[in-house]
Amino acid sequence: MTNTHEDFNDPLLDVMLEELLGDTAPPDLSSEILAQLGHQPVDLASQINIKAQPARRRSSFIPSLSLALSAAACILAVVAIVLNAKSTHSPQSHEEVVADSPTPSETDNLAPNQLANDQNRQEQQSQQDQPEQQVRPDGSTPFEQPQPIAMSDDNSVNPESITVPELTPATNTWKHPLAFVSTSTITPLSQPEVLAGISHELNKQWNEQGITPSEFATNTEWVRRIYLRLLGRVPTSSELMPFLEQDVTQETREALVNRLLFSTQYSEEYLQYWTNLWTNTLIGRHGGTGKDKAHRAGLAKYLYESLQANKPYNQIVSDLISATGKSHPDAEGFNGAVNFLLAATNEDDTTLATSRTTSLFLGQKLQCAQCHNHPSSDIGQNQFWEMDAYFSQLKIVALGKGKTPGYELLNTDFRGVETPNGDAGNYFEQPNGVARLAFPAFLGHAEASASGAIEDFDRRARLASLVSNSPLLERTLVNRMWSHFFGYGFTTEVDDMGPHVQITHPQLLQSLANQTRANKYNLKLLLKWIALSDPFLRSSVYSKSNDIDSPELGDQPLFSRYYSRQLDPEEVYQSLLVLSGKTRKANSFGQQQLAQRSWLGQFTRQMETDEGEEANTFKGDIHQSLVLMNGDLMKQVTSLEEDTVLKRIVTSQQPTQEKVRQLFLASLARYPSDEELNQIKKLSVEAKVAEQQFLQDIWWALLNSSEFILDH
Amino acid sequence: MPNSDPPDPLSPEELIQKYQNGIWRYLRVLGCEASLADDITQETFLRVIRKGFEQYNDAATAGYLRKVAYNLFISVMRREGRKVVTDDIEQLDASWNKWAGADNGDGLLDMLRECLEGLTERARSALELRFKEEHTRSAIADHLQITEHGAKNLMQRAKKQLRDCVEHKNQAEFN
């Protein structure tokens, strides 16, 4: 082995030298492989539903014909330039040259979207992006076959605000094949059918990979998990108790999930947790806290009320994109939804709003294409700016230093660069220095008209309708929620589901997305399905039979086990809070948010990037350990003076051993093992301190253990 | 944006012929013995052909095959309780992509062959003893009648010269 020799530390060079100087050339393995395939011709193209296209070959007469056509085109171009010397470019060309102008034909050559080719590519892309057709072997799964994607007239979210005629396919741009809604009706399935569908899809892949999933988790492991995922905190001992003794069935589990999601007992906790989670997702942990124009509490108020009403997710998204109104909760004309865009807009720069809208709601990371064509897909730079053009009517007005300062988000007529037919566009600069004009187009699908006047074309309302009706919306939502439960979604990055990204379980993703749409984007229902699904019931302990399922090492997740991961700082905070005896109350949401943010500020900081990213230092480092071990919150939780969980256990009339058992249960959702108990007994003898102090020390050690901050 | 059409999907035979050398070499770079590289290369093609996949373009296909091969390699290592020699797969991938990604390493091999001609007789001998005869460093030193340290330096300098030469040729081709 070359690599083991200390002199030779360049593996690539070594291998090549071995091949050149030694006798280790790659063998021809074709015959062996084909023999193992059983000599059966396998048509890859038919397996994956890509029509094999005949190779493009030039026949002998083509060159001369091509030359003739080129010459004709040049002559026509010269004639056209002369005849249209004063004219501006038509919106169909969507291209404008302002400096060092090449001729129109040259400009066309510079355009990233080359069109005949793109049409072919699109046909393939369209089929490639419907992987369910290749993956699904038969119709035996309870899920429905995915429906073909087609454009829809269903603009149910904001039908009155749509004034633009139907979209017409652009002829010169890449188009996302899944951008529009299917016109076919998707039948909602029953919960058992959905759960069976999830199991079926995962089982299929487990069988293919030859692995056996982990055993089911213990009752208390699952209960701890479900509290963490649905309420963002660990369960208390009393909440765990019912699951210690009885046989837990799927009905029992469903009853608990229903209680956490729908009962008034947990309503406040659910709302606060998910409001905070969505606020972080939409504007980051630092959004709306002074560095931008948003009012964080204003957005939280909108989200809280929307979640309280269990508003459909697509309606929430539509509100966030199309909102107008004032940002401050006390202002007349307040609309908390405006804070999403206020956090992402700086003067007339809406690029962050564009990148957040496309990535958060559509799973398309277009920001890579802001300055150049996307490096790993066919998305052109123009696609980013065409999406950005939907925000061109947005206007922000500062409201001064009144009683309710803040901002107002409005729509105004956009003039930009007007074309003779009344369309208004904006320039962006290509890497080659040539400026190009962009008009609104939804992921490459151009609008038939692009007026800048609000009364003709309310661009944000149009975008809100397109996004909230796009099949990409539910796919992205499902991916995000799945990732929330398992730590991994169906793609490497939750917000990056573009055509260049491999999806690990395309059929499962599409089926859950279809059901999400069929059930009117009911967020709680989606949470419930995942919470009760087979993989969420599995233990995090793996064996030799599924040790290849290790996404932590960069492998694709197979969801054959639960993936242990560290809790988010918010979850640690809320867990410690509940163990300190405090509960989340409705009238103290704002105060609690402030206290939590102050605590979180120790671990997160804003990065000065275009995307407004944040760095999280809550990763088990020394700083985290010191804060957890010695911080005020830990002092509260380990206090014997207030009404903490510790105090209740310590002052109870039970033997010491039972108290230790209760401390384990309250912190780790399990009882101590015999070995742990023996060790603790030994320590109690050596410590020579009063029982109270000893138990306090045990409690402190448990809360600072790695097991406590793990979701496992 | 690329201007060319997506390639026509290859038949299994064409797929194997086109990519097998690259996958085999990549596995060797990861640290596979030749026989293990044979096995994993076979298994890689069996898996992807049986399962089917999207032939989006050459680079994507090559990348996908490498990923499958890498996963199989890791599985074998784990099953056998062996450590993975290469721990920085991203760096290795980047290096592979730069030097061998486009043509499965054939171009690099050609450049290296030419560069070997530029080495001194002594340096070439040292490399041949190492890679052809599989001599240890001390045996190489004995053969060349130099110290072990001298043999080590000689080979390091030879490899650096080869790297510089390949880099230079690559740059010249690019320009």
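The values are calculated or read from the model by the stated rules, or taken from the named source; none is laboratory data. If you're wondering where the values come from, they're calculated on a predicted model, not measured in any experiment. Reconstructed Cβ throughout: ideal geometry from the backbone, glycine too, with neighbour counts over all protein chains shown. What goes into the accessible areas is simple: the full protein's heavy atoms, side chains included, and nothing from ligands, DNA or RNA. Shrake-Rupley method; radii C 1.70, N 1.55, O 1.52, S 1.80 Å.
Some values worked out for this structure:
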item: Average other protein chain Cβ within 10 Å of Cβ, residues B:43-52; result: 5
item: Residue-normalised accessible area of the stretch B:106-174, given per residue in Å² at a 1.4 Å probe; result: 60
item: C-alpha long axis of helix B:89-100 to longest principal axis of chain B, angle in °; result: 90
item: Gyration tensor verdict on chain B (Cα atoms; rounded if a/c is under 1.5, prolate if a/b is larger than b/c, oblate otherwise); result: oblate
item: The stretch A:638-712, Cα convex hull volume normalised per residue, Å³; result: 92
item: Residue-by-residue Karplus 3J(HN,Hα) for the stretch A:548-560, coefficients 6.51, -1.76, 1.60, Hz, glycine and proline x; result: 7, 7, 10, x, 4, 9, x, 6, 6, x, 10, 6, 8
item: Gyration tensor (alpha-carbon) shape descriptor, the stretch A:444-591, a/c threshold 1.5; result: oblate
item: Projected label distance in nm at residue A:410 and residue B:138, using a 7 Å step from Cα toward the beta-carbon; result: 8.7
item: Relative packing of A:411-422, B:94-105, A:466-477, which averages over residues the other C-beta atoms within 10 Å, highest first; result: A:466-477, B:94-105, A:411-422
item: Pairwise label distance in nanometres, residue A:187 with residue A:371, each label 7 Å out on the Cα-Cβ vector; result: 5.2
item: Amide H contacts of residue A:334 (H built 1.01 Å from N, under 5 Å, at least 5 apart or other chain); result: A:326
item: Cut-off under 5 Å, modelled amide H: who pairs with residue A:445 long-range; result: A:176
item: Calculated FRET value between residue B:114 and residue A:552, using beta carbons and R₀ = 60 Å, to 0.05; result: 0.85
item: In Å², nearest 10: area of residue A:548 left accessible to a 1.4 Å probe; result: 30
item: For A:341-353, mean number of other protein chain Cβ atoms within 10 Å; result: 0
item: Area of residue A:643 that stays accessible when all protein chains are in place (1.4 Å probe, Å², to 10); result: 100
item: ³J(HN,Hα), Karplus 6.51/-1.76/1.60, whole Hz, each residue of the stretch B:67-77, x for Gly, Pro; result: 5, 4, 4, 4, 4, 5, 4, 4, 4, 4, 4
item: Whole-number percent relative contact order across chain B, with pairs defined as alpha carbons under 8 Å at least 6 apart; result: 19
item: Pairwise label distance in nanometres, residue A:692 with residue A:347, each label 7 Å out on the Cα-Cβ vector; result: 6.4
item: Using θ = phi - 60° and Karplus 6.51 cos²θ - 1.76 cosθ + 1.60, couplings along the stretch A:423-429 (whole Hz; Gly, Pro as x); result: 6, 10, x, 9, 7, 9, 9
item: Set of lysines with alpha-carbon distance to residue A:688 below 25 Å, sequence-local pairs under 8 removed; result: A:635, A:647, A:659
item: Computed E for residue A:291/residue B:145 - FRET, C-beta separation, R0 56 angstrom, nearest 0.05; result: 0.20
item: Proportion of all alpha-carbon pairs of the stretch B:12-99 beyond 14 Å (%); result: 63
item: Average beta-carbon neighbours from other chains, 10 Å sphere, peptide B:100-107; result: 1
item: Under 5 Å, built H, 5+ apart or other chain: amide partners of residue A:711; result: A:565, A:566, A:567
item: Gain upon complete extension [residue A:706, residue A:209; 0.36 nm per residue less C-alpha separation]; result: 175.7 nm
item: In the B-A interface, the accessible area buried, summed over both sides, Å² (probe 1.4 Å); result: 6400
item: Helix axis angle, B:106-117 relative to chain B longest principal axis, alpha carbon, degrees; result: 10
item: Potential lengthening between residue B:94 and residue B:164 on full extension [0.36 nm per residue; Cα-Cα distance subtracted]; result: 23.4 nm
item: For the stretch A:638-712: relative contact order, % (alpha-carbon pairs under 8 angstrom, 6 or more apart); result: 31
item: Exposure of residue B:143 as accessible area (Å², to 10), given a probe of 1.4 Å and all protein chains; result: 120
item: Cross-link pairs beyond the 23 Å C-alpha cut-off, checked among A:311/A:403; B:98/B:159; A:204/B:67; result: A:311/A:403
item: Cα shape, the stretch A:356-425, gyration tensor, a/c 1.5 rule; result: oblate
item: 19 Å Cα-Cα reach of residue A:291 towards lysines, excluding residues that sit fewer than 8 places from it in its own chain; result: A:326, A:395, A:401
